[in-house]
Structures are given as C-alpha cells and as structure tokens.
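Colleague: Structure below; questions to follow.
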Amino acid sequence: MSAPKIEIDPSYVDDLILRTASFGAYGETGVWRTVYSPEWVGATDQYSAWCDEAGLEVTRDAVGNVWGKLRGSEPGKSIVSGSHIDTQRPGGRYDGTLGALAALIALSALKQQFGQPRRTLEALSLCEEEGSRFPGTNFWGSRAITGRIAPGDPESLRGYADETMADAMFAVGLDPTRIPEAKRDDIDSFIELHIEQGPILEQADLPVAVVDAITGVRHYNIKLTGVQNHAGGFPMDLRNDPMQGFAEIALGVVNTAHRFGRPAVTTVGRVVAWPNGPAVIPRDISFTVDARHPDPVQRDRLYAYHEALMREVANRRGLTIEWDYFVDHPPCPSDPGLVRTLQRAAKGQGIPFMTMPSGAGHDSQQMANIAKVAMIFVRSKDGRSHTPEEFSSIEDIVAGIRVLAAALHELAY
Ligand SMILES: [Zn+2]
C-alpha cells in the first residue's frame with residue numbers, strides 16, 4: 001500500500017510561527033519567553049486556542065503543559081508529539097516552539113484529510129526545557145509527565161532573579177502540590193520534531209533527518225594544582241606548573257575526539273587560572289571538559305581516554321588532579337521501530353533525508369523513561385541556534401511536518 005500524500009499549507013505554518021514569536025518578541029527575530037512569564041502565558045493560551053480551533057480536546061496539566069487530543073476509535077495508549085514552548089534569553093523562533101506547532105499542524109491536517117484515527121493522537125506543548133529562568137529545572141515539563149519531580153523541588157529550586165519555582169507557579173495560577181497529577185502512564189510513543197541546531201544537514205544539502213539517538217554527555221569539573229612561584233626565579237626544569245599540564249590536557253582531549261571522528265565531540269569551554277598574574281607560575285587551574293558520544297560503548301572509550309590522559313599528565317608533571325562530573329547523561333537511543341517508521345514516512349512522502357544522532361539534549365530523553373521515542377530534525381541555517389539568528393525555511397519545515405504526519409498516519413490509522 002503506497003503512503004497517502006500529506007498536504008500541509010505553508011502559509012498556515014508561517015502564520016503560526018510568526019504569531020507565536022510575537023509572544024516575547026525580542027528585536028527583529030529574537031524571542032525571550034521564559035517559563036511562567038507573561039509572554040509564556042500568552043503563547044500557552046494561544047496554543048490552547050489553536051488546538052481548540054483544530055477540533056482537538058484541550059487540557060492543561062499541573063505544570064502548564066498543554067495537551068490537544070485527537071481521540072481514537074479504539075482504546076489504548078496515546079501516540080504523542082510535541083516539544084517545549086519556552087526559549088533562551090533571548091533565543092529564536094524555532095527551538096522547541098517548532099515541535100509544539102508541528103504536532104498541532106500535523107494532527108489538524110490528519111483530522112481534515114483522514115478523519116478520526118484508530119489510535120489516540122496528542123499534540124503537546126511542554127512548559128519548560130531551556131533552564132533559562134531556573135537553571136536547575138532540567139526538563140521541567142517532561143519531568144512532570146514522567147513523574148520525576150521530587151516533593152520539595154518547587155520550593156528549593158531558585159531562579160536567576162532568586163524567586164522559587166513554587167512562587168513562579170502560584171503567580172500563574174498553578175499549584176505546585178498538584179505536580180504529581182501531571183504524571184502519565186498511558187503514552188505509547190513520543191515523536192519530537194526539532195531544529196537540528198547544527199550544520200550537518202546543511203552540509204549534506206538535506207531538509208530533514210531521522211534521529212536515531214540522543215548523545216550521552218558528561219561535564220567534567222577538573223582542578224590541576226601545582227606550586228605557585230616567581231616567573232623569573234624558577235628554572236623551567238624545576239617547576240610544577242599546572243598551566244603546562246592544562247595546556248597539554250586541553251589539546252589532548254580535543255585531539256582524541258578528532259581522532260574518534262564524528263559523532264564524538266569534546267570541548268574545553270571554561271578555564272580559570274589562579275592567581276591569574278602575568279609574572280606568576282599559577283597555583284591551580286580549574287577547567288571543564290564536555291565530552292559526548294551517542295554510542296554507549298564508544299562513549300565509555302572516549303571517557304576512559306580522557307581520564308587516562310588527565311592522570312598521566314598530572315603524574316608526569318608532578319601536579320595533583322581532582323575531578324568530578326556535575327552532568328552525566330547516558331546516551332538515549334531512539335526506538336528502532338519508530339526510526340524505521342519515520343524513514344518509511346520520509347520515503348513515502350518523497351522527502352530526502354539522512355539518519356543521524358542528536359548532539360544536543362532534548363525532552364525526548366525524559367519521555368524515553370515512559371514511552372518509545374524518536375525525533376525528526378529540520379535543517380538549521382548555518383547551524384545557528386540559541387540565538388535570534390536561528391532560521392529554518394518554510395519549505396524545510398513543511399517537509400519535516402509531512403514526515404511527522406505520515407509517521408503518525410502509519411501508527412494511528
Ligand atoms: Zn529545544
């Protein structure tokens with residue numbers, strides 16, 4: 001049976017993107033819309049209204065996620081699609097928001113073209129993902145759905161403006177004691193459409209990708225300590241200089257990731273020298289190493305190489321080294337069956353695509369605790385994201401939504 005062609009109206013897509021971007025508009029093309037802000041309330045209300053207009057049953061859960069349900073004729077668990085509606089400070093129009101809108105547009109198109117599905121479909125606007133108002137939220141919307149917000153979290157979580165999450169929730173009429181009610185155990189599959197936020201699709205000259213895994217990530221916090229001394233008085237052969245050790249480690253870890261090849265990445269993003277004086281051999285260097293790989297075995301190899309190098313350099317140079325990691329997410333593989341469904345959907349719609357891992361974290365990682373997950377990427381211009389300059393063309397976005405809708409059609413009709 002050949003797949004039916006899914007019709008998506010580009011002007012409807014463009015209109016929804018621009019109107020959503022007006023909530024928290026920042027400069028020409030930016031958006032500044034943090035969770036539970038007045039702009040967030042506006043965008044969330046608008047999303048609910050559009051779901052309602054599309055004939056979906058609209059509900060809002062205890063943390064402000066919006067659900068638009070297209071009820072199936074048969075009982076059973078839901079097939080859900082969506083993403084987050086909050087942004088960076090400022091971010092662009094597409095990160096997160098595009099996935100929430102894509103789900104709504106796909107369900108609306110399916111309902112118009114094919115009527116009621118056999119299985120229940122739901123569009124989802126997740127309340128928060130970016131950590132841009134409360135740095136410790138760590139996927140607030142999807143954590144509520146998966147039942148992973150601990151009692152006391154809303155009171156202890158503090159924002160950049162020093163307010164608590166509980167206060168921010170009360171201010172928009174949400175009661176933090178009711179968060180456990182947001183938990184769902186009736187979701188079969190979650191498909192998230194998102195912009196790529198990298199240059200790979202543009203380099204490959206392709207509009208969309210099927211995502212087969214979300215990368216594993218570890219942030220090492222490292223401190224190398226030597227002996228602080230006069231930059232003129234100490235001969236080179238008698239120094240315990242942590243800056244030399246840092247330089248060797250920094251170059252070594254990024255070279256290791258280079259030699260691994262794609263999709264391994266390692267970044268030294270932060271370094272603090274003490275005392276940071278021009279005529280002083282430093283006492284210590286604190287720095288970070290962010291290392292990522294989507295394959296669990298390769299990830300362990302990458303981390304082992306980095307740790308072996310750090311130990312070896314410190315020993316050879318007479319330095320002490322300590323590290324810990326404040327982020328350590330395992331890789332999240334997509335469900336192989338959903339990946340095949342998405343690949344078939346792209347082929348059936350005649351849309352060229354590639355299959356690739358995600359180097360960034362996404363709500364799908366949380367949803368994977370309760371459902372099968374997979375993602376669709378849409379090409380990002382110049383790979384830009386987390387900036388007002390992020391851009392994806394309407395043609396590419398429509399292609400991504402058609403892949404999503406065709407996959408939902410295969411699963412639900
Ligand atoms: Zn995002």
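Colleague: Report every pair of residues separated by at least 6 positions or lying on different chains whose Cβ atoms are under 7 Å apart, first residue within region 352-373 and farther than 13 Å from residue 294 by Cβ, second assigned to a helix (DSSP H, G or I) and open to solvent by 40 Å² or more (accessible area, probe 1.4 Å).
Modeller: 354/204
Colleague: Additional query: Collect the residues in region 52-105 that are away from the ligand (no atom under 16 Å from the Cβ) and of a type in the set (Gly, Ala, Ser), keeping them in residue-number order.
Modeller: 54, 55, 62, 64, 68, 72, 73, 76, 78
Colleague: Check every one of the helices (runs of 4 or more DSSP H) wholly within region 126-183 and list those with 2 or more residues that are surrounded by fewer than 23 Cβ atoms within 10 Å (Cβ to Cβ). If you could, list the steps in order and put the result at the bottom.
Modeller: Working: elements: 140-145, 153-156, 165-171.
Correct list: 153-156, 165-171.
Colleague: Let me ask something additional. Of all residues in region 228-246, which are surrounded by 14 or more Cβ atoms within 10 Å (Cβ to Cβ) and of a type outside the set (Phe, Trp, Tyr)? Break it down stepwise before answering.
Modeller: Filtering region 228-246 down to residues surrounded by 14 or more Cβ atoms within 10 Å (Cβ to Cβ) leaves 228-229, 234, 239-246.
Scanning region 228-246 gives 228, 229, 239, 240, 241, 242, 243, 244, 245.
Colleague: In the set 76, 136, 64, 115, which member is without any contact (Cβ under 8 Å) to a residue 24 or more places away in the chain, under 23 Å from residue 180 (Cα atoms) and among the small types (Gly, Ala, Ser)?
Modeller: 136 is the lone residue from the list that is without any contact (Cβ under 8 Å) to a residue 24 or more places away in the chain, under 23 Å from residue 180 (Cα atoms) and among the small types (Gly, Ala, Ser).
Colleague: Consider residue 193 against the criteria (1) within 16 Å of the ligand (Cβ to nearest atom); (2) over 19 Å from residue 370 (Cα atoms): it satisfies all of them except one. Which criterion is unmet?
Modeller: So the condition that residue 193 fails would be (2).
Colleague: Run down 71, 33, 89 and say which single residue is at negative phi, basic (Lys, Arg), surrounded by 23 or more Cβ atoms within 10 Å (Cβ to Cβ) and in contact with a Ser or Thr (Cβ under 6 Å, 6 or more places away or on another chain).
Modeller: Sole residue among the options that is at negative phi, basic (Lys, Arg), surrounded by 23 or more Cβ atoms within 10 Å (Cβ to Cβ) and in contact with a Ser or Thr (Cβ under 6 Å, 6 or more places away or on another chain): 33.
Colleague: Also, quick follow-up: If residue 326 satisfies all but one of (1) more than 16 Å from the ligand (Cβ to nearest atom); (2) surrounded by fewer than 19 Cβ atoms within 10 Å (Cβ to Cβ); (3) closer than 21 Å to residue 10 by Cα, what's the number of the condition it fails?
Modeller: (3)
Colleague: Restricting attention to region 302-335, and to residues there that are assigned to a strand (DSSP E or B) and at pLDDT 95 or above, which single residue is farthest from residue 216 (Cα to Cα)?
Modeller: 320
Colleague: Another one. Applying the selection to region 358-376, what residues are outside any loop (DSSP other than H, G, I, E, B) and away from the ligand (no atom under 11 Å from the Cβ)?
Modeller: 365, 366, 367, 372, 373, 374, 376
Colleague: Output the residues belonging to region 198-227 that are within 16 Å of the ligand (Cβ to nearest atom) and either open to solvent by 50 Å² or more (accessible area, probe 1.4 Å) or in a strand (DSSP E or B) (or both).
Modeller: Those that are within 16 Å of the ligand (Cβ to nearest atom) and either open to solvent by 50 Å² or more (accessible area, probe 1.4 Å) or in a strand (DSSP E or B) (or both): 209, 211, 214, 217.
Colleague: From the residues in region 3-36 that are small (Gly, Ala, Ser) and in contact with a Gly (Cβ under 7 Å, 6 or more places away or on another chain), which one is modelled with the highest pLDDT? Steps first, please.
Modeller: Going residue by residue through region 3-36, those that are small (Gly, Ala, Ser) are 3, 11, 21-22, 24-25, 27, 30.
If we keep only those that are in contact with a Gly (Cβ under 7 Å, 6 or more places away or on another chain) too, we end up with 3, 30.
Numbers: 3: 71, 30: 97.
Per the stated criteria, the residue is 30.
Colleague: Has region 37-60 got at least one residue that is of a type in the set (S, T, N, Q), within 18 Å of residue 413 (Cβ to Cβ), assigned to a loop (DSSP other than H, G, I, E, B) and in contact (Cβ under 8 Å) with a residue 12 or more places away in the chain?
Modeller: no
Colleague: Give region 355-383 a look and list any residue that's more than 10 Å from the chain's Cα centre (by Cα), of a type in the set (Gly, Ala, Ser) and open to solvent by 10 Å² or more (accessible area, probe 1.4 Å), or say none.
Modeller: Once the filter is applied, which keeps residues that are more than 10 Å from the chain's Cα centre (by Cα), of a type in the set (Gly, Ala, Ser) and open to solvent by 10 Å² or more (accessible area, probe 1.4 Å), region 355-383 yields 368, 371, 383.
The values are calculated or read from the model by the stated rules, or taken from the named source; none is laboratory data. As the structure is a computational prediction, the values presented were derived from the model and not from experiment. In this analysis, Cβ positions are derived from the backbone assuming ideal geometry, glycine residues included, and neighbour counts consider all displayed protein chains. Ligands, DNA and RNA are stripped out before the accessible areas are found, and what is left, the full protein with its side chains, is counted by its heavy atoms. Shrake-Rupley method; radii C 1.70, N 1.55, O 1.52, S 1.80 Å.
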